[in-house]
Amino acid sequence: MSTLPQAVQTQISNIEKKTGKTLIELAQIVKNSGLSKHGEIRSMLIDQFSLGYGDANALVHAIFETDGTRAAAASGLSGDSFLDEIYSGPKAALRPIHTALLAQLVTFGEYETLPKKGYVSLRRKKQFAMLGPATNTRVELGLNHKDLPQDPRLLVQPTGSMCSYIVRLTDVSQVDDALLAWLRSAFDSAG
């Protein structure tokens, strides 16, 4: 297995401590499981080692030396062409929501946008949000932040999920002051 970025290496080291297994031993367990689909392997690791979703997901990527960024890059898409791809066909009408949200986000300060398979990851020192079309009729904004105020629009996600909260957006008008305050709070905490 090749060298991993420091943050990922730290996460893998913590997983090794939690499971009592090295990355090589965990890779062998995955190989011996007979499973081949990412989601099935992730679920097996969650069940067998009581890992959270994020840890199990990172472990599968580390074992197979893959990640969503490389998957997007392998398709030859980046930047606007990547957004053209994920907001194509029936999802094209959702692109203005994405654009409106990012137009506000740039006023917060520096961050990086990493294309994944069907969404973009928004990062500072760590990921603070995920944004992309979830269906043909809605965009989902995932927020990584603790203790946002209760609101019916903020859907609390189970512990260990990729994001702490999900906000479903079906119209540009939903990119309002409340949403921007939540996003700003997640942005600030990541940085």
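The values are calculated or read from the model by the stated rules, or taken from the named source; none is laboratory data. Note that the coordinates shown come from a computational prediction; the quantities given were computed from them, not determined experimentally. Cβ placement follows ideal geometry from the backbone for every residue including glycine, while neighbour counts extend to all protein chains displayed. In case anyone asks, the SASA skips ligands and DNA or RNA and just uses the protein heavy atoms, side chains included. Shrake-Rupley method; radii C 1.70, N 1.55, O 1.52, S 1.80 Å.
Name the GluC sites (Glu not before Pro) in segment 101-169 that are in a loop by DSSP and that have at most 10 other C-beta atoms within 10 Å, would you?
Here the GluC sites (Glu not before Pro) that fit, given the DSSP loop and packing criteria, are Glu110.
Determine the shape class of segment 138-191: with a ≥ b ≥ c the square roots of the Cα gyration tensor eigenvalues, call it rounded for a/c under 1.5, and otherwise prolate if a/b is greater than b/c, oblate otherwise.
Cα axes put segment 138-191 in the oblate bin.
Of all the Cα-Cα pairs you can form in the chain, what percent are over 25 Å apart?
40 percent
Per-residue accessible area for Arg42 at 1.4 Å probe radius, Å² rounded to 10?
We get 40 Å² for Arg42.
Lys/Arg Cβ at +1, Asp/Glu Cβ at -1, dipole of the chain taken about the Cα centre: which of Ile166, Thr99, Leu35 is farthest positive-ward?
Leu35
Which of Phe108, Phe128, Phe82 moves most in a GNM of the chain, Cα contacts under 10 Å?
Taking springs between Cα atoms under 10 Å, the residue moving most is Phe108.
At Leu180 and Lys125, where each label point lies 7 Å from the Cα along Cα→Cβ, what is the point-to-point distance in nanometres?
2.6 nm
Give me the 1.4 Å probe accessible area per residue for segment 152-191, excluding ligands and nucleic acids, in Å².
Working: 2040 Å² over 40 residues.
Heavy-atom SASA per residue in segment 152-191 reads 51 Å².
Provide the packing ranking of 28-41, 85-98, i.e. peptides ordered by the mean count of other C-beta atoms within 10 Å per residue, highest first.
So the peptides 28-41, 85-98, ranked by packing, come out 85-98, 28-41.
Are any of the pairs Lys91/Lys116; Lys37/Lys91; Lys37/Lys117; Lys31/Lys126 more than 21 Å apart by Cα-Cα distance, and if so, which?
Exceeds cut-off: Lys37/Lys91; Lys31/Lys126.
Residue separation times 0.36 nm, minus the C-alpha to C-alpha distance between Thr99 and Lys18: what's the value?
That pair, Thr99 and Lys18, stretches by 25.1 nm at full extension.
Carbon and sulfur: what percent of the chain's accessible surface (1.4 Å probe)?
Values: 5370 of 10380 Å².
Within the chain, the accessible surface is 52 percent carbon and sulfur.
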